[in-house]
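Values in this text are rule-based calculations from the coordinates and carry no lab data. Treat the numbers as computed from the prediction; the structure is a model and nothing was measured. Cβ sites come from the backbone with ideal geometry, for glycine too, and all protein chains shown count toward neighbours.
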């Protein structure tokens, strides 16, 4: 019986170019190859579970996933190569994938076998890649995926005949349901342990040695194999699929559907995430209270409670929203909807000068602009690639979600419907701005005609819950690592900058403290406690204003005052250049919200009651809307600029990117503040 184990395995020693034979006790390397939308990610997750991570292929910015599994006691390292339609050199992915399969990638072993995934619902198109993969001469096992969907559509495939045509075993599976996975593992185990040399079928040999048009020969071969191995019902069509596509890909109804789906998605996120967010908030609050009651008063206790736990905890309460976003997006991708969304947006993109191929990088920008910029390498035309790189940071990334959540909670507390509308508006503003900037670039410094999008619409199918959960865990892990590094360092640095240099209490605080002592001696303890709290708040505000961070905030206040911001918000804006979400922990520290003070709700209450030096509220509705617009459009991410420089080969384009985004954000925030001031009262939010 074949067994699959997901135990953690040690990394194998470097095998150089991978040409030497490994001992049986060491990991064997298997490459997972397939077309886009064939279920590769789902199969990879089934075989590797949580024992996987994403990494760049050595010497490139093209990503691959690496995972570990044990099949029949044999350690397997599974390499999930990028999805592709062929192994020719017409794109960076295809070239790199071919080099990886041939063992030509430095510090990466040559695979001992290939696990080739084919879509049973569209076997002819998949056979073009299958023929090229088999021609490489590596031991190959074919997984014929989506057999349940093919059978439901009346498609019958003779797996034995297909195996004869390809010269390798073919196993029918359904990665979504797990059907056929044990048989696939058994076939892979036998293939890895077999000493038989790979024999290429005669028909494929003729394709490989064709002196005329090898692509035409492969296409003819795929068509002939499809005729011999597959049977389909006459006049095959799916009325429900056609009806759904008429709506979801319609120029107007498709856009309306996209906005509606996004609205429902964010409403669910706000409703569901409230419970785990409260649990995280309680945990950090309890930890902070424990440290306050355990450690002696002083700077060290303040560092742990206010700096580390308060700063990092103030950001981690937004982890549920981020995880749920990627969970629901994964479900939408599995159903086949996101490909329809690509068709709808492509019409708009080409009108403003964005290439159709930029949809995938721009979609990934909603996770992070850095991989989006790196993914732009799939765009062959340099002009199209530059436009994509320049507008990618305008798309709302996951780092902006904590900022959106904080400002939305201030504007519409406990109102998930209105909160969802604000989120949809923020995402729409980012998309619209990216299209507008692309149009300006297309008509000025980067003139040209964008290439249309060529994309396959996958069949509709039920989403894979396991796959969505693993995606959610993977993205959550990335966010936790960021919180444990960048945000932690910024929080500690900000705590130090807001604590030192220390200053004596102001005269007003001293006078209030003396009044408290007099009331306490007269037995009026409640009134005395209120005065002591007032004196403490006056002292804290005075110390912060005279600290290094406060002096920096006062220095930039004249520049940001037209946007409705005071020096406290200015500190948050400056600190967020390291990472956008750091502004949340910054404001927590500035407002004196430690880990034991009630978490984000206490922060919101403190912000609602904060007043400037002249006694007016700091966080008015106009200010919050202005700050929201600013963070939708501002660059606020130095690592993104560094990656943009690496991908463009010069600082010219990142400098242009930073400049235009800063000007755009400042101008839009100023307009928003002026307009909102006329609409809303000048009182505080909430």
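One table, with the values for the structure above:
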item	result
Distance histogram in 5 Å bins (all Cα pairs of the range 457-523, percent per bin)	3, 12, 8, 9, 9, 8, 8, 8, 7, 7, 6, 5, 4, 3, 2, 1, 0
Kirkwood Rh in Å, taken over all unlike Cα pairs in the range 457-592	18.3 Å
Sorted by Cβ neighbour density within 10 Å, fewest at the top, the residues 406, 240, 489	240, 489, 406
Label-point gap, in nm, between residue 445 and residue 252 - each point 7 angstrom along Cα→Cβ	3.8 nm
Order of 445, 173 under a 10 Å beta carbon neighbour criterion, fewest first	445, 173
FRET efficiency, residue 294 to residue 605 (Cβ-Cβ, R0 22 Å, nearest 0.05)	0.25
Per-residue Cβ neighbour rank within 10 angstrom, fewest leading, 440, 478	440, 478
Whole-angstrom gap from the range 377-442 to the range 89-168, using each part's C-alpha centre	37 Å
Interatomic Cα distance distribution for the range 261-340, bins of 10 angstrom, percent	17, 34, 22, 16, 9, 2
The range 532-662 - Kirkwood radius from inverse mean 1/r over Cα pairs (Å)	16.2 Å
Cα-Cα separations in the range 599-686 greater than 20 Å, expressed as whole percent	51 percent
Over the range 253-442, relative contact order from alpha-carbon pairs under 8 Å, at least 6 apart, %	26 percent
Rounded to whole Å, sorted largest first: equivalent-ellipsoid semi-axes of the range 253-442, Cα gyration tensor	38, 20, 14
Contour minus Cα-Cα distance for residue 663 and residue 515 (0.36 nm per residue)	48.3 nm
